[in-house]
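The structure appears below as C-alpha cells.
The values are calculated or read from the model by the stated rules, or taken from the named source; none is laboratory data. As the structure is a computational prediction, the values presented were derived from the model and not from experiment. Positions of Cβ are backbone-derived with ideal geometry, glycine not excepted, and every protein chain shown enters the neighbour counts. To get the accessible areas, we keep the full protein, side chains included, count just its heavy atoms, and leave off ligands, DNA and RNA. Shrake-Rupley method; radii C 1.70, N 1.55, O 1.52, S 1.80 Å.
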Amino acid sequence: SKKLLSVNFDPQLVAMLREVHYLNMREESEQSIPETAGAVFSKDDMYRRYIQNLDLIVQWYNKIRENVLDVEYPLIERQLNSVDSQLERALTTLCWTSEEAWEYIQETREAVHKLESELQTAKDNIENMKNMLTHWSESPLFARHDGKKDNTLLILEDREQRMTARRDLMAKDSTAIHEIVKKNLELFQANEESAEWKRYLDYLDDLVTDGFFNSVNKSLSFLLEHTDGSSLPEGGSLPALFEAKLELVQPNMVFTPELAPD
C-alpha cells in the first residue's frame, strides 16, 4: 500500500457553503438561512484557507508516495517517517475547529513541501544526467559523406578530431555527473558509507554503463548495417564504405590510407 491521503472535508458541506453564499448574494433575510448553516458559513474563509493548504499537502505527499523509486525510498525513509508522525495528529486528534489547526497546517505544509522539493530536485538531476548519456549515442562515431550517390564513402579525414570531440564530451559530462552525485548526496542527507547510498550509486553506475553501451552500439550498428549484405535481395550490393589506394613508393608498395592493423 502506498498510504495515499485525501482531504476529508465533506462535499455536501462544500455544497451547503456554496448555497449559503448565493443566498447572501441575493440579500435574502438572515432568517431564511438556517442558524447552523449560518454559523458554519461565518467561518467560510477559514475553511477555504484550510482546504487550499491541505490540498497542497495531500498533493505533495501523494506525489512522494507514488513516484519514489525503490532505490530512493531507503534514502528518504527517515524524513518520510517524520512527516508521517506529524500527520498522525491530523488523523487522530485534530479537528477542523481546533485552535492550533492553522499553525499545525502551516508547519506540516512546510515539512511535506521540503521533502517533496528535495526528492523532485534529485529526480531532475538524474533526468539531466540521462540526457547527457543520451547525447553520447545520438550519432555514430563515423558516418558516410552526405548527399550524392557517388560520394558515400565513410568520412575518415577527421577521424582524430571526431574521436577527440567524443572523448572531450564524455569527460565534460563525467565531471557534471560527479557534481550531480554530490548534490543528490546532500539532498538525500545520506551517509556515503551507508548501504542505502551504495545501492543508489549502483543504480547510477548502471545508467552510466548503459550510456557507454548505447554509444558503442550506435557506431557498431552503423558499421554492421553498411557492411552486412545478408538482407539484400539476390544480386544486390552495398555501396563502398572505404577507399584505399595502392601506390608505388620505391622500393615499397604502400596503401593510402594505411591499412596496417595498428
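Summary of values
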quantity: Residue 218 being more than 14 Å from residue 73 (Cα to Cα) and without any contact (Cβ under 8 Å) to a residue 40 or more places away in the chain; calculated: no
quantity: Residue list for segment 234-246, filter: open to solvent by 100 Å² or more (accessible area, probe 1.4 Å) and not in a strand (DSSP E or B); calculated: 234, 242, 243
quantity: Pair list, Cβ < 7 Å and 6+ apart or interchain, from segment 88-102 residues that are closer than 16 Å to residue 5 by Cα to residues that are among the aliphatic types (A, V, I, L, M); calculated: 94/101
quantity: Residue within segment 106-119 that is surrounded by 14 or more Cβ atoms within 10 Å (Cβ to Cβ) and more than 28 Å from residue 181 (Cβ to Cβ) present; calculated: yes
quantity: Verdict on residue 117 being of a type in the set (Gly, Ala, Ser) and within 30 Å of residue 157 (Cα to Cα); calculated: no
quantity: Given (1) more than 16 Å from residue 156 (Cα to Cα); (2) open to solvent by 50 Å² or more (accessible area, probe 1.4 Å); (3) in contact with a Leu (Cβ under 8 Å, 6 or more places away or on another chain), number of the condition residue 255 does not satisfy; calculated: (1)
quantity: Condition broken by residue 184, with the remaining ones in (1) open to solvent by 70 Å² or more (accessible area, probe 1.4 Å); (2) touching a residue at least 60 places away in the same chain (Cβ under 8 Å); (3) in a helix (DSSP H, G or I) satisfied; calculated: (1)
quantity: Matching option when the condition is in contact with a Phe, Trp or Tyr (Cβ under 8 Å, 6 or more places away or on another chain) and surrounded by fewer than 18 Cβ atoms within 10 Å (Cβ to Cβ), among 136, 102; calculated: 102
quantity: Residues located in segment 159-173, provided they are among the aliphatic types (A, V, I, L, M) and closer than 23 Å to residue 257 by Cα; calculated: 163, 165
quantity: Test: residue in segment 191-203 that is open to solvent by 50 Å² or more (accessible area, probe 1.4 Å) and over 30 Å from residue 73 (Cα atoms); calculated: no
quantity: Count of segment 149-190 residues which are more than 15 Å from residue 134 (Cα to Cα), charged (D, E, K, R) and under 19 Å from the mean Cα position of the chain (by Cα); calculated: 4
quantity: Single unsatisfied condition, residue 220 versus (1) more than 30 Å from the chain's Cα centre (by Cα); (2) under 22 Å from residue 132 (Cα atoms); calculated: (1)
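Listed here are the residues, each with its yes/no results for (1) of a type in the set (Lys, Arg); (2) assigned to a loop (DSSP other than H, G, I, E, B); (3) over 24 Å from residue 127 (Cβ atoms).
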| residue | (1), (2), (3) |
| --- | --- |
| 167 | yes, no, yes |
| 174 | no, no, no |
| 193 | no, yes, yes |
| 203 | no, no, no |
| 215 | no, no, no |
| 220 | no, no, yes |
| 248 | no, no, yes |
